[in-house]
Amino acid sequence: MRKTPLVLFAVLAAIATGCSGGDAGNSATSRPVATEATTGATPGATTTGERDCSADYLAKFTQRQKLAQLLTVGVNGTADALAVVRDHQVGGIFIGGWTDQSLLTGGQMEQVKAAANVPLMVTIDEEGGRVSRVADLIGPAPSARETAQTMTTDEFYTATLARGQALKDLGITVNFAPDVDVSSQPANSVIGDRSFSDDPMVVTEYAGAYIRAMREVGVGTVMKHFPGHGAGSGDSHLGAVRTPPLDQLQNRDLVPFRDLVGSGAAVMVGHLDVPGLTEPDVPASISPAVMDLLRKGTGYGAAPFDGPIFTDDLGGMAAITNRMTIAEAVEAALVAGADNALWITTDAVPQVLDRLEQAVWSGRLPIAQVDASVLRMAWFKGAPLHC
């Protein structure tokens, strides 16, 4: 289903009027991405006889906890994950290559999920090929480029069903994939073989199959890196990256995002300087103009997008860290219109939340905007918003 701005208006209207009765969900256990997130339902949509209890859901949180729901942070093991969830109620944790895998295999994930008052996102970057965090647990998968060269889309769909189920069995609820960048770069370059093809239609077909399969087994998906990293000037892990001008992205890099905007996948915005779109030293991940382009869709011929917008890693990539601190970057991203800020450690969570609270108090980050993002993330996580 295509998403429209009317959805957000309806959700915010529900916040203003509120509703009574009904338990918004079990606060002790987490659900994987489920019903709403896997059927293509629109955030906040109700069926006949359902009442939108968004206000009840928001009432579960203090203001600081609402802000924490908009953070996803990398963890190094069970103790780290348990502490950041229990003490701060972050919305998500990220499983990296450095994470102690006993968190996934030793039955400890349920303990971490139980510390969350609402469903917890457990995220990973599992594209296959050279971007694989748990290949030793679920087996290797070919890179996107090799996949498109050796499998039909139907074969890839079937393989992804099995891989998605394996991720779900480990406790993963959201996968930061597929990469929908359009690239002809050498295989070992920053995007390279992470891209299905230099043909945007091939990228769209294979990425669409991937999204459908992952969602069918209950794992959320996140398309990346908006508005397109495939022809970028370098590696944002190492420094600033400049893309071709916006008008040159229209018929190539933006095509998969345009065609898949209604697929139910979330979108990750890259740390990209885009001539004709971003301001100098304001990469896409913290750019209001980029968030507006994605939300409205009109600037690249797409339907409006009201799903969750994630940032790329704000703490370990020089395209951001050379310009600002993690607290500054998270504030800038959320103020710009992102719904979820991602970085790969937990140490800075208290100071990030301090800064975000100051941003709310000062009016830089309106609380209505925070509430809307909390509800988008709730929908994506499969949290119950109806009663």
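The values are calculated or read from the model by the stated rules, or taken from the named source; none is laboratory data. Because the structure is predicted, anything quoted here is derived from the model rather than measured. Neighbour counts run over all protein chains shown; Cβ positions are idealised from the backbone, glycine included. With ligands, DNA and RNA removed, areas are computed over all heavy atoms of the protein, side chains included. Shrake-Rupley method; radii C 1.70, N 1.55, O 1.52, S 1.80 Å.
Restricted to Cα positions, what overall size does segment 310-387 have along the principal axes? Three whole-Å values, descending.
Cα extents, longest axis first: 46, 27, 21 Å.
For n ≥ 4 DSSP H runs only, could you compute -39500 (n - 2.57) per run for the chain, divide by its residues and tell me the 222 nm figure to the nearest 500?
Helices in the chain give a 222 nm mean residue ellipticity of -11500 deg cm²/dmol.
Greater than 22 Å separation of Cα atoms is the criterion. Which listed pairs, Lys60/Lys296; Lys113/Lys168; Lys168/Lys381; Lys113/Lys224, meet it?
Flagged as over cut-off: Lys60/Lys296; Lys113/Lys224.
Which percent of the accessible area of the chain is formed by carbon and sulfur heavy atoms (probe 1.4 angstrom)?
Exposed carbon and sulfur together represent 53 percent of the surface.
If you average the C-alpha positions of segment 236-300 and of segment 302-342 separately, how far apart do those two centres end up, in angstrom?
Centre-to-centre distance over Cα atoms comes out at 12 Å.
If the viscosity is 0.692 mPa s and the temperature 37 °C, what Stokes-Einstein diffusion coefficient in µm²/s follows for the chain when Rh is the Kirkwood radius over Cα pairs?
Values: Rh = 20.5 Å.
The Stokes-Einstein estimate is 160 µm²/s.
Cα-based Rg (one decimal) and Dmax (whole number) for segment 119-201, in Å?
Answer for segment 119-201, Rg first and Dmax second: 12.9, 40 Å.
Starting from the Cα-Cα distance between Gln351 and Glu328, subtract it from 0.36 nm times their residue separation and give me the gain in nm to one decimal.
7.3 nm
Jot down the radius of gyration and Dmax of segment 259-371, Cα atoms only, both in angstrom.
13.9, 41
What residues from segment 111-151 fall in the zone where the backbone N is under 19 Å from a label point 7 Å along the Cα-to-C-beta line of Ala162?
Residues 126-130, 132-151 qualify, since their backbone N sits under 19 Å from the label point.
What is the Cα convex hull volume of segment 192-335 when expressed per residue in Å³? Write out the running numbers ahead of the final one.
Details: hull volume 15.3 nm³, N = 144.
About 106 Å³ per residue, rounded to a whole number.
With every protein chain left in place, what is the accessible area per residue of segment 49-208 in square angstrom, probe 1.4 Å?
Per-residue accessible area for segment 49-208 comes out at 36 Å².
Expressed as a whole percent, how much of the Cα-Cα distance distribution for segment 220-291 exceeds 20 Å?
Numbers: 604 of 2556 pairs.
Cα-Cα pairs of segment 220-291 separated by over 20 Å account for 24 percent.
Using only Cα atoms, what is the ratio of the radius of gyration of segment 181-274 to 2.2 N^0.38 Å?
Working: Rg = 12.9 Å, N = 94, 2.2 N^0.38 = 12.4 Å.
In units of the 2.2 N^0.38 Å rule of thumb, it is 1.04.
How large is the convex hull of the Cα atoms of segment 97-236 per residue, expressed in Å³ as a whole number?
About 116 Å³ per residue, rounded to a whole number.
Give, in whole angstrom and from largest to smallest, the semi-axes √(5λ) of the equivalent ellipsoid of segment 74-158, with λ running over the eigenvalues of the Cα gyration tensor.
Here the semi-axes work out to 30, 13, 11 Å.
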